[in-house]
Amino acid sequence: MDVVVAVGIVVGAVVVVFGVVGVHWYLWRRLVRDTTERGSIARWAGTGVIIAGTALLIGAVASESAGVPFLLTRIIAWPGYMWGALFLYLVLWLVVGELVRPLLRRWIARSSEEAVEVPEIGGALQGRPTPVSRRLFVSRSVGAAATLAAVSTVGYGTHSVLAGPRVKRLTVPLANLPRAAHGFRITVVSDIHLGPILGRGFAERVVETINGTQPDLIAVVGDLVDGSVEHLRSAVEPLSRLHARHGAYFVTGNHEYFSGAEQWIEHVRELGLRLLANSRTELPYFDLAGVNDIQGGRIGQGPDFAAALGDRDLARTAVLLAHQPVQIHDAVEFGVDLQLSGHTHGGQLWPGNFLASLANPTVAGLERYGDTQLYVTRGAGAWGPPVRVGAPSDITVIELASTQA
């Protein structure tokens, strides 16, 4: 059986490598080879950009866990991750261009039988149009349009992240909630991802937005950071100014376990956040519980629903903080009324939402599983490229509603 698994892993790795190489070859062919002359400076420059961008992306991903100095990680992260987003949308828009390409050829064929008069840069400067082939004109037109569309898409997505998350409001009726708790507001934030790209300024915007909702309780549902306490101490400091009548609570996400979970668990307490690590607290109107992220199992700190919920009074409403939506199945088993999660980013970069749906029961929004409701926020920040397309960031105000009111 071990041999079969090993062979499967090797085959899978080979398929992935060939797939990645193939996509890069496609991008190079359409944007560089098909639009430039052999041996020209433009071809060498285009090839160099693709190679350098890919190298920077690999460096950005690897540097976060390879002990690279944080300053160098920050320098690499911006161009590396931005190339990753641009690469994705260059490929997608070029695929769309494949549909346009034959139509453009037909239009040109009706207009000219031999060549299209298009001035090259040098010829244009001297007022001498240089004819280029029909094939070259089509390739350059489609390549230029795809590049413009990709840059515009990534630019829009970057602005949507750096401008900060928007406030989303949602009312959730709970059958067992006492009438006195009707209108109780929980502000949910997840996936802030403070790190080499999103820093202190972004944290300040998030804190200002959360406090502006005037919540009764704040729930920070994991993936707060990408980096060590040593490097991000200043970036997370604004979180000490979070304010809610019943306090701010925190549960770990998978990225905390990539960034030194034990140190972060200690530090969030110093910031004034109340940790729910496979535990619960009895609030005046309901029980608030939290479980560790699944990734914590690697160091013996995985989720323990029995410890958090096993001996509670089932007559009381239970609200659970759990980073990953997939934890809903255990929540249902333990009679949780409402689970609050993040993790998915809503897909972050379209069509990532389709991929996210393969691993998560709910990608974003409110859904019901038996007698348990699950709400998944898209998160406040972004992992990797500070870009969101088709999945706007949010901070959600959940207003609990008693059906007895």
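Quick note: the coordinates plus some simple rules give every number you see, no bench work behind them. A quick note: this is a predicted structure, and the numbers were derived from the prediction, not measured. Note that each Cβ is placed from the backbone with ideal geometry, even for glycine, and that neighbours are counted across all protein chains shown.
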## Note on the structure
antiparallel share of DSSP beta bridges within the chain, to nearest 5, in %, is 30
### Antiparallel DSSP beta bridges within the range 165-402, percent to nearest 5
30
### Query
Which one of Arg110, Arg241, Arg135 has the biggest mean-square fluctuation once the chain is modelled by GNM with Cα springs under 10 Å?
Arg110
## Note on the structure
Of Gln324, Gln373, Gln348, the most mobile residue in a GNM of the chain (C-alpha springs, cutoff 10 Å) is Gln373
### Query
Which whole-Hz ³J(HN,Hα) couplings does the range 237-253 yield from phi under the Karplus relation 6.51 cos²θ - 1.76 cosθ + 1.60, θ = phi - 60°, glycine and proline marked x?
3, x, 5, 5, 9, 5, 9, 8, 4, 9, x, 10, 10, 9, 10, 6, x
### Message
Along the Cα→Cβ direction, 7 angstrom out, place labels at Asn211 and Ala109. What is the inter-label distance in nm?
### Response
6.7
## Note on the structure
Exposure proxy check on Trp83, Trp107, Trp350: fewest-to-most Cβ neighbours within 10 Å is Trp107, Trp350, Trp83
### Summary
Matching label for the computed volume of the Cα convex hull per residue in Å³, out of (1) 194; (2) 184; (3) 145, is (1)
### Task
Compare Tyr26, Tyr89, Tyr81 in a GNM of the chain, Cα atoms joined below 10 Å, and give the one with the largest fluctuation.
Tyr26
### Query
Once both labels are modelled 7 Å past Cα along the beta-carbon direction, what's the Lys168-Val151 spacing in nm?
3.2
### Query
By Kyte-Doolittle mean hydropathy of at least 1.0 and Cα axial length of at least 20 Å, which whole DSSP H helices of the chain are selected?
2-28, 41-63, 70-111
### Residues Ser259, Ser141, sorted so that the one with the fewest Cβ neighbours within 10 Å comes first
Ser141, Ser259
### Summary
Residue by residue through the range 376-391, the couplings from Karplus 6.51 cos²θ - 1.76 cosθ + 1.60 with θ = phi - 60°, in Hz, x for Gly and Pro, are 10, 7, 6, x, 8, x, 7, 9, x, x, x, 9, 10, 10, x, 8
### Task
In nm, give the distance between the simple-model label positions of Ala175 and Ser357, each being 7 Å from the Cα along the Cα-to-Cβ direction.
2.9
